[in-house]
Structures are given as structure tokens and as C-alpha cells.
Amino acid sequence: MASLSNSLQLKHGLALWCPHSSSLTRPPPSSCIRFRSFTRNFVVSSSYSNDNREFVIVGGGNAAGYAARTFVEHGMADGRLCIVSKEAYAPYERPALTKGYLFPLDKKPARLPGFHTCVGSGGERQTPEWYKEKGIEMIYEDPVTSIDTEKQTLTTNSGKLLKYGSLIIATGCTASRFPDKIGGSLPGVHYIRDVADADSLVSSLEKAHKVVIVGGGYIGMEVAAAAVGWKVDTSIIFPENQLLQRLFTPSLAQRYEELYKENGVKFLKGASIKNLEAGSDGRVAAVKLGDGSTIEADMVVIGIGAKPAVGPFEAVGLNSTVGGIQVDGLFRTSKPGIFAVGDVAAFPLKMYDRMARVEHVDHARRSAQHCVKALLSAQTHTYDYLPYFYSRVFEYEGSPRKVWWQFFGDNVGETVEIGNFDPKIATFWIDSGKLKGVLLESGSAEEFNLLPELARNQPSIDKSKLQKASSVEEALEIAKSSL
């Protein structure tokens, strides 16, 4: 691995600089920080399209919004920060797109500017006007297509040449797609990653009668719950034997499947898809399964995962195991002055001693903040992330049952399930006598706040005592007493 370096460009060509260790997991010693003259990044040239060149963020999602806020908090945004995005909107809280954004039009759906970052964490709503007021240069609808790491320049789709001193790659993910040859791009086939995708999906829901959702993960579950609100015939197809197989236990998945069925959702588990078929009008009309049978559909939503949006940044250094751009615990890549955060970054998951790439809003927020603080200060402590996932569905007006679960930790080892899902249920993962992870449905604020404490401390726990708990509340008290 090439040695890493990092620099903070200041006014008048000064830089806060530190030579980095060749190890991606070892932070530099604090004694190595010193100032040096640094002028090559800021050659005055009219050929560059951006006025703000000290810091450039590529990407316009959650991570970009939270990074921008952190630059502002440190007084380093005004006249210094430029954000380059392929989207037409200022950064927003992306989870809304498969939740509140898809509510029926008479159920108060979420719309911009209501969910710009950083409202998802209780922060200020950063509208386009906010970026102007803070002196942040925004370039919309113009994705970066190439990078020259030697000249420290970027080229955009429209041909703009951008200069950067320090670069943060926050490009997130792109939706995995069906190939065109099996109907993946037919009219009426939807993927969802941005506002334009969500708008198209809502437009189809207004006219749809039969919706087929492909994929039994987060996207499939959340879109299916939204489709129920539109009162359309809804089916979910996936090749696994249960919902959300990478996290749910079979018994927990069964509980959620029963709830969805009570809401009219049909399941086809263990099914493969041969192709999507078009009708006489050229729009999708059916889903043909591997066994030769077909399911009618005037709308299909594909939710089969996502891929890191590495784009033109392969030369920065990729991780061959988990995908994405390889970084260390301060989000530095193998190229000096270049960082990567959020979904696209493969980082050391410190508490479990493994490399990971996490596709979740919580990590997008935290990684962006950690990266910028490390870039702008002498902070050298490495990122220590606790995996966290959640989902909230059936939350529109008139829904008979709202669903909100949270998970913290690692889903390894044996499991203990407590509760009857009316509405609470809790699942505990125990490995070698230690509590490794916990999932809770419909908890109180106090109960939800306990989960990360349990997962991070990984206390020794009496499994037999936990199994005898008569309620979720009692089980959580047993776990709490083990801390």
C-alpha cells in the first residue's frame, strides 16, 4: 500500500500537514503535525470553472450535506468549499425517498425542501439558500467524469475543469439494475436512488393496478408498505426463503411477512425471474418467472441492492473484498489529499476488526463529520463505528399499525427472541456468552437508547435467564443489568 498523506490548505499557501503511516489502520502520531509552505494547489488560472478550490466534495447526498455543515462549524466553508453533484437539488435526507416520499398524495407525503440535510438528525434545514449564505459554491446536475490526481483537477460531464486542494469523494451508490435484454429498462420499471426516481415511481403509483416488487430487502419492504397505502395489488418476489435475510432471523422474518400479508401483500419466495415482458404499448406488462409462470404487472420496482458509485475514481484505490474505495480510519485514500466517505468508502470497522462498507444514512452522516474534523484539525483518533440499521413503514395517516425497528451491533451467534409482536418484539444475538447485537420493534425512546450501549459494551449475559423473560421489558432489564 502506498504511503498516505493529508494536508489542510489554508490561506496564503500554508498547509497543515502530516506524513502518514503506510498502514491504513494506524493513525499518525500527534507529534508529526507541522506547518509547511504549500503553493502548488492554488495556481491562479482562469481555466478553472470553480471559484472555491481549497476543498471540493463530489456527491450531493447525505454525506455531502453533513460534511458541508462540519466545514461551516469550523469556519472553513466560506469561499473555500465547492460541492459538485449530479442531482438538481441541494443535499437531502435520502431515506425519505422510500418512506414518507411514497405516501399517497392525500396522506401528507414528504417533499423538498422539507427533508434537506440536516433535519434527519435534528439539525438545521440546509436549503439552497443556506449554501449561498455560507459561501459554499454548488455545481448541480454535472457529474464528475474524470480525475487527474497529479494536477489535482476534475472534469465534469459538461466539460468544466475544476481545481481542488483536498477532495472528498461522497458519491454513494447506484441501484443494481436488471439488464436491458431481460426488460430492465422497459417503461414502467423503476429503480429508486434519487428524487427523480421517486417522482417517477409516484407518478406510476397514481395509475397502477398491479405492482410487483423484486427484492426482499429494505427497498422491497419499504416500497411494498407504501404501495399498500395506495390500495394497489402488491406482490413481492425474491429468491431467498425469507425477508431481509442478511439481518432477520427466520422467525422474525415470519412475523413481518404475516403483518404484510394482513395488509394484502402477496409473497413469492424462492423465486427466480427469467425476464420482464412488455405489452402491446411497449410498457412492462408481466414478470416471467424461472418456472415459466407469469405474474401480471403494470408497474415493477427493482430493489435488488446497490453498487458503490466509484465512477472515475478507481485509480484512487479500491477494496476487492467489500467493494468501494479503500480508506483508513480517518477516511484517507491511498492518494494524498483525497478522502472518501459514506456508502462508497471501504473502511476499518474498528470494533469488529474487519473491513466494511456500510450503506446506511447513519454511517454517511458520521463518516462525513469524522473525515472533515480530521482534515481541519489535529484530530487523530480513528473512526469507531457501531453498525446501526432501522426501518419505519406503514406510517401514513390511517395505517392500522405503524412499524419501527432498530438494530445495533453484529448479528452473529445464537439468538433469543422475546415478545409476541403485539407490537413489541426483541431479538438478542449472543456469541461466546457475550451480547453482540440486539433488534427491537416498537420500543420506547428510553428502550431504543439502551440498544447502542448494549451493543458497544458487549456484556456477558445469562442466556437461560434471558430466555425465561416474560416480556420485552423484562428482557431489556436483564440485558441492562449485565452492563
Practice task
Would you mind giving the average projected area, over all directions, of the Cα convex hull of region 115-251 in nm² with one decimal?
Solution key: 13.1
Exercise for the section: Show the residues, 5+ positions off or on another chain, whose built amide H is closer than 5 Å to the amide H of LYS274. Expected result: LYS288, LEU289, GLY290
Exercise for the section: Using Cα pairs closer than 8 Å and at least 6 residues apart in sequence, work out the relative contact order for region 388-483, in percent. Expected result: 24
Handout entry: Helical contribution to [θ] at 222 nm, DSSP H n ≥ 4, -39,500 (n - 2.57), averaged over the chain, rounded to 500
Key = -6500 deg cm²/dmol
Practice task
Tally the DSSP beta bridges in the chain and give the antiparallel ones as a percent, rounded to 5.
Solution key: 65
Exercise for the section: From largest accessible area down, sort GLU257, GLU240, GLU414; use a 1.4 Å probe on the protein chains. Expected result: GLU414, GLU240, GLU257
Exercise for the section: Could you do me a favour and compute the accessible area per residue for region 159-315, 1.4 Å probe, result in Å²? Expected result: 40
Problem - Normalised convex hull volume, the chain, alpha-carbon set, Å³ per residue - result: 157
Problem - Between 0 and 90°, nearest 10: helix 218-229 axis offset from the chain longest Cα axis - result: 60
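Compute the relative contact order of the chain as a whole-number percentage, counting only Cα pairs closer than 8 Å that sit 6 or more residues apart in sequence.
Value for the chain: 14 percent.
Given a 1.4 angstrom probe, what's the average accessible area per residue across region 316-458, in square angstrom? Could you put the intermediate results ahead of the total?
Working: 5080 Å² over 143 residues.
Value returned for region 316-458: 36 Å² of accessible area per residue.
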Practice task
Could you state how much accessible area VAL412 has, in square angstrom rounded to the nearest 10, with a 1.4 Å probe and all protein chains kept in place?
Solution key: 50
Practice task
Would you kindly state how much longer the chain becomes between GLU124 and LYS231 on full extension, computed as 0.36 nm times their sequence separation minus their alpha carbon distance, in nm to one decimal?
Solution key: 35.0 nm
Practice task
Give me the accessible area of TRP230, 1.4 Å probe, in Å² rounded to the nearest 10.
Solution key: 40
Fill in the blank from the handout: In order over region 375-386: 3J(HN,Hα) from phi, Karplus 6.51/-1.76/1.60, θ = phi - 60°, whole Hz, x for each Gly or Pro, gives 5, 9, 9, 8, 4, 10, 6, 7, 4, 10, 8, 9
Handout entry: region 133-204 - Rg and Dmax from Cα coordinates, angstrom
Key = 16.8, 48
Practice task
Using only protein heavy atoms and a 1.4 Å probe, report how much of LYS266 is accessible, in Å² to the nearest 10.
Solution key: 90
Problem - For ILE213, residues with placed amide H under 5 Å, excluding near neighbours - result: SER235, ILE236, ILE237, VAL301
Problem - Gain on full stretching of the segment that runs from LYS266 to TYR48 - 0.36 nm per residue minus C-alpha separation - result: 73.0 nm
Completion exercise
Sorted on mean Cβ neighbours within 10 Å (highest first), peptides 63-74, 278-289, 353-364, 387-398 come out as 63-74, 353-364, 387-398, 278-289
Exercise for the section: Name the residues whose placed amide hydrogens come within less than 5 Å of the amide hydrogen of LYS436, ignoring near sequence neighbours (fewer than 5 apart) on the same chain. Expected result: TRP429, ILE430, ASP431
Completion exercise
Once THR117, THR321, THR382 are ranked on solvent-accessible area with the largest value leading and a 1.4 Å probe, the list reads THR321, THR382, THR117
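The values are calculated or read from the model by the stated rules, or taken from the named source; none is laboratory data. If you're wondering where the values come from, they're calculated on a predicted model, not measured in any experiment. Glycine also receives a Cβ, built like all others from the backbone with ideal geometry; neighbour counts cover every protein chain displayed. Each accessible area value is taken on the protein alone, full model and side chains, heavy atoms only, with ligands, DNA and RNA left out. Shrake-Rupley method; radii C 1.70, N 1.55, O 1.52, S 1.80 Å.
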